[in-house]
Amino acid sequence: YFLDKSDKYDSRDVERLQQDDKWVENYLIWRHDVVDDTLKMIDESFQWRKEYTVNDLSESVLPKWLFEIGALFLHGYDKEGYKLFWFKVKHHTRDPKQQLDKKKLVAFWLEHYAKRDHGKPLTVVFDMAETGISHIDLDFVRFIVNCFTDYYPNFLTKIVIFEMPWIMNAAFKIVKGWLGPDAISMLKFTNKSDVQEYISGEYLPPHMGGTDSFKYSYPPLVDDDFQTPLCENGPITSEDEHESKEEIDADTKEAGELNEAQNVNQKKMNSIEQISKSEETDKTEVKPKNAKKALTTFKGPLLHISPAEELYFGSKETGEKKCLIVLTNVTKNVVAFKVRTTAPEKYRVKPSNSSCEPGTSLDIIVSLHGGFAASLQDRFLIMAAEMDQSSGAGVPELTQFWKEVPRSKVMEHRLRCHVIESSKPSSLTLKDNTFNIPAKTNEDLHIQLTRLLQINRRLEEQMNRCLWFQQLSVVLSLLSVTVAAFCFYLAYAQRS
């Protein structure tokens, strides 16, 4: 394929395919490990990616009005923790002149999410409230279907269709013919009474029976994971300097206990300035050996971050309430960093706003406090940017730095939360100030589950084929009996 059609592919896609095992695995999973079918899908998707210039799609190359109408956006999570990709059908109208731009908008959102969240699958929501015949656009729907069935492998968990008007039943029978048996099983037709079987009320708007007050607006581009949009010249709220005195005293006690476990003697501080100095000492002196043995590492241009994708917390029964993030500065300059979360009321991050010296590593403790429990919907954002050698690393200098640094120079990386039901953690977790290394990784369980799903799909396909042949046999038998009876009738009539 590469030799014959190299001019039809984007070289960046070819390079990624040669380096990204996860991408290859997703293609294989989606085509049931049939290599020829997998190669065909890669070929078709690569040609499509070049035709639509997917790698170069950005806000600047698409018409602004496409973002403003709010027909497509990412926001919220379903009950399984998968991101929701919303299609507000009432905002879509058929127009052949706009069709290409609208298709590129779909590709933009899918590529934006795939790069940002490492291709974790999506749940698609067709919100068809207040729609009618004027909103039916089968060509556009077919393009969306093809994106998930042919171009983005293993990227779809389910399609939730809310309040589909009866007049569209015929149209969706056609759509089912495009989906194939695997995708058809993912269709979930819902209304206000049963949509919460798949999506909890906190991520549903009021007209769907939920309590989500989210209102789409543009600009800026919806930062769907974080309540406060990131802007170039605005400080981030909920920083450590706004903590109450009681929280400060509790954090000082935690820091003292951690230092004692690592044989580092440090005096207890009471003022905000002293606490800042205490965090600086933690950065350079507290370096547990096991903390560097992370299972996975994200290798960014400024920082290497371990773990790469998920923080593992225990359930209420297991009591695992602390996780470790390891940052390693791979530049020759000081790197400032911030840690943000979608649930600031749940988590304490120490330190959450500091800097890392060139070539050194820094441990960040993320802990649940109070009676809170971790949720699959919780997210963390790590922001990092290089500082000049002349810049200070104190709280005032960092505050001013984040006000002035351009967004284009900020590295961002997101981490998800994962809840462990068993007593053995599957990632770097802290309990009673000790570090535990897992016996079995989450990747192993994922591979086993994937294989079971593949076997299940093959069995379903075999059963469907058997049922089809059985029905065909019955129909042919009935036809044979009918023809035979008719022949006997004609013979009898001739004799009479």
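The values are calculated or read from the model by the stated rules, or taken from the named source; none is laboratory data. Just so you know, these numbers come straight off a predicted model, no measurement behind them. Note that each Cβ is placed from the backbone with ideal geometry, even for glycine, and that neighbours are counted across all protein chains shown. Just the protein is used for accessible areas: all its heavy atoms, side chains included, with ligands, DNA and RNA removed. Shrake-Rupley method; radii C 1.70, N 1.55, O 1.52, S 1.80 Å.
Annotations for the structure displayed:
- Qualifying residue in the range 360-371 (condition: surrounded by fewer than 16 Cβ atoms within 10 Å (Cβ to Cβ) and either assigned to a strand (DSSP E or B) or modelled with pLDDT of 90 or more (or both)): yes
- Considering the range 107-142, and only residues there that are among the small types (Gly, Ala, Ser) and closer than 14 Å to residue 23 by Cα, the residue that is surrounded by the fewest Cβ atoms within 10 Å (Cβ to Cβ) turns out to be 114.
- Among the residues of the range 30-40, those that are in contact (Cβ under 8 Å) with a residue 24 or more places away in the chain and surrounded by fewer than 19 Cβ atoms within 10 Å (Cβ to Cβ) comprise 31, 32, 33, 39.
- In the range 198-216, the residues that are assigned to a helix (DSSP H, G or I) and crowded, with 19+ Cβ neighbours inside 10 Å: 203, 208
- Selection status of residue 33, within 19 Å of residue 121 (Cβ to Cβ), among the acidic types (Asp, Glu) and in a loop (DSSP other than H, G, I, E, B): yes
This table checks each residue for (1) at pLDDT below 90; (2) closer than 23 Å to residue 149 by Cα.
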site: 20; (1), (2): yes, yes
site: 28; (1), (2): no, yes
site: 37; (1), (2): no, yes
site: 44; (1), (2): no, yes
site: 49; (1), (2): no, yes
site: 54; (1), (2): no, yes
site: 60; (1), (2): yes, no
site: 88; (1), (2): no, yes
site: 101; (1), (2): no, yes
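- In the range 69-95, the residues that are open to solvent by less than 20 Å² (accessible area, probe 1.4 Å), closer than 18 Å to residue 219 by Cα and assigned to a loop (DSSP other than H, G, I, E, B): 70, 71
- Hey, residue 4 surrounded by fewer than 16 Cβ atoms within 10 Å (Cβ to Cβ), under 25 Å from the mean Cα position of the chain (by Cα) and modelled with pLDDT under 90 or not: no
- Whichever residue in the range 136-172 is touching a Pro at 6+ places or on another chain (Cβ under 9 Å) and either of a type in the set (S, T, N, Q) or assigned to a helix (DSSP H, G or I) (or both) and, among such residues, is farthest from residue 93 (Cα to Cα): 154
- Listed here are the strands (runs of 3 or more DSSP E) enclosed by the range 375-450 that have at least 1 residues being open to solvent by 60 Å² or more (accessible area, probe 1.4 Å) and at pLDDT 65 or above: 379-386.
- Residue list for the range 308-320, restricted to those being surrounded by 21 or more Cβ atoms within 10 Å (Cβ to Cβ) and either over 26 Å from residue 115 (Cα atoms) or without any contact (Cβ under 8 Å) to a residue 60 or more places away in the chain (or both): 314, 320
- The condition (being more than 25 Å from the chain's Cα centre (by Cα), within 25 Å of residue 141 (Cα to Cα) and among the hydroxyl-bearing types (Ser, Thr, Tyr)) is satisfied by just one residue among 93, 38, 53: 93.
- Within the range 403-420, residues that are within 17 Å of residue 381 (Cα to Cα) sit with their Cβ atoms under 6 Å from residues that are crowded, with 16+ Cβ neighbours inside 10 Å and aromatic (Phe, Trp, Tyr), at 6+ positions apart or across chains, in these pairs: 413/298; 415/380; 418/312.
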